[in-house]
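Here's the structure we're looking at; comments come further down.
The values are calculated or read from the model by the stated rules, or taken from the named source; none is laboratory data. Keep in mind that what you see is a predicted model, and the values were worked out from it rather than measured. Quick reminder, even Gly has a Cβ in these numbers, built from the backbone with ideal geometry, and neighbours come from all protein chains shown.
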Ligand code: DHB
Ligand code: MG
C-alpha cells in the first residue's frame, strides 16, 4: 500500500507511513553484505575468505546455531582491534570460533582468551583455529563466563596476566551487564568493549518485548553502561545478512 512509487524515493515513502514497512529480511541487506565480502575481502586477503567461509560451513554442518557474526562484522571487529592496536583481547561466547579467528588475525602478536560454556563447541572451534594457523594465539576456557570472568579478574589483579585492550561480548544476553562490568575492571584506559546483539530488531524499545529475558538483559546492559562513569558508549545499528541488530561499543576512560 505504501511502497515507494516511481516518483518517490524510498526514504520519503518510508517517512510517509513507517508502519507499513516490514523491516525484516530485506533482501538488499544480505545482497550488500555479499557484495562487500566479494569486493573488500577478496581472494588474497587475510584471513583467507575461503577458509572463513569454510569455518562457517563447518559450524553449520556440526549443528551449531547459525548465530556467528557475519563476515562483514567479523572483519569490522578485526579492523577495530587493529585501530587500537589490541594485543590482549577477551571474548565472551566463542561458539565455533569464527569471530575469534577474526580477532586473532588482527596482529600476529594478538592474544585472545575466549570463554565458551559448551565443550563440544569449543572442541570444534579448536579445529578451526588450527586450520587458520592461529591456535597458538588463542587460549580457550571452557566454563560459564559468570565463573570464569571473576577468575580472570583475579589473575589480572595478581599480576599473572596483562590488562585487556579489547573485549567482545557475544554470549547469553541476560548476563551481559555482569560480563561488561568484569571486562571494564580489567581494561586499560582506552580499551574498547564491544557487545553484540543490543538492538534485536528494535526489541530494546518495544514495550511488548520488555519481559523477554534477552531484551531484559540487553536493556539492563544499556541502562548500566549509560550510568557507568568509567566508559563512554554508543550503539551502532546494523542491518545485513543477519537481519537487524547492532553493536554496543564502549571506550574505557
Ligand atoms: C542470538 C545470539 C547471538 O549472539 C546472535 O548474534 C544472534 C542471535 C540468539 O541467541 O538468538
Ligand atoms: Mg551475537
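Annotations
- Residue match in the range 72-93 (condition: in contact (Cβ under 8 Å) with a residue 60 or more places away in the chain, more than 22 Å from residue 41 (Cβ to Cβ) and within 13 Å of ligand 1 (Cβ to nearest atom)): yes
- One residue from 224, 217 being in contact with a helix residue (DSSP H, G or I) (Cβ under 6 Å, 6 or more places away or on another chain) and surrounded by fewer than 17 Cβ atoms within 10 Å (Cβ to Cβ): 224
- Filter result for residue 72 (in contact with a strand residue (DSSP E or B) (Cβ under 8 Å, 6 or more places away or on another chain) and either over 23 Å from residue 181 (Cα atoms) or in a loop (DSSP other than H, G, I, E, B) (or both)): yes
- The condition of being modelled with pLDDT of 95 or more, closer than 21 Å to residue 166 by Cα and out of contact with any helix residue (DSSP H, G or I) (no Cβ under 9 Å at 6 or more places or on another chain) holds for only one of 191, 187, 233, that being 187.
- Filtering the range 47-62 to residues that are away from ligand 2 (no atom under 16 Å from the Cβ) and either in contact (Cβ under 8 Å) with a residue 60 or more places away in the chain or in contact with a helix residue (DSSP H, G or I) (Cβ under 9 Å, 6 or more places away or on another chain) (or both) leaves 47, 48, 49, 51, 52, 53, 54, 58, 62.
- Conditions (1) surrounded by 13 or more Cβ atoms within 10 Å (Cβ to Cβ); (2) modelled with pLDDT under 95; (3) within 16 Å of the chain's Cα centre (by Cα); number of the one not met by residue 65: (1)
- Any helices (runs of 4 or more DSSP H) falling wholly within the range 97-160 and containing at least 1 residues that are more than 16 Å from the chain's Cα centre (by Cα) and surrounded by 14 or more Cβ atoms within 10 Å (Cβ to Cβ): 119-132, 145-157
This table checks each residue for (1) within 17 Å of the chain's Cα centre (by Cα); (2) within 16 Å of ligand 1 (Cβ to nearest atom).
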| site | (1), (2) |
| --- | --- |
| 168 | yes, yes |
| 171 | yes, yes |
| 188 | no, no |
| 192 | yes, no |
| 197 | yes, yes |
| 209 | no, yes |
| 212 | no, yes |
| 216 | no, yes |
| 221 | yes, yes |
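- Any chance residue 33 is within 16 Å of residue 242 (Cβ to Cβ), loosely packed, with under 15 Cβ neighbours inside 10 Å and either touching a helix residue (DSSP H, G or I) at 6+ places or on another chain (Cβ under 7 Å) or at pLDDT 95 or above (or both): no
- Conditions (1) surrounded by 11 or more Cβ atoms within 10 Å (Cβ to Cβ); (2) modelled with pLDDT of 95 or more; (3) part of a loop (DSSP other than H, G, I, E, B); number of the one not met by residue 43: (1)
- Residue check, residue 238 touching a strand residue (DSSP E or B) at 6+ places or on another chain (Cβ under 9 Å), within 16 Å of ligand 2 (Cβ to nearest atom) and part of a helix (DSSP H, G or I): no
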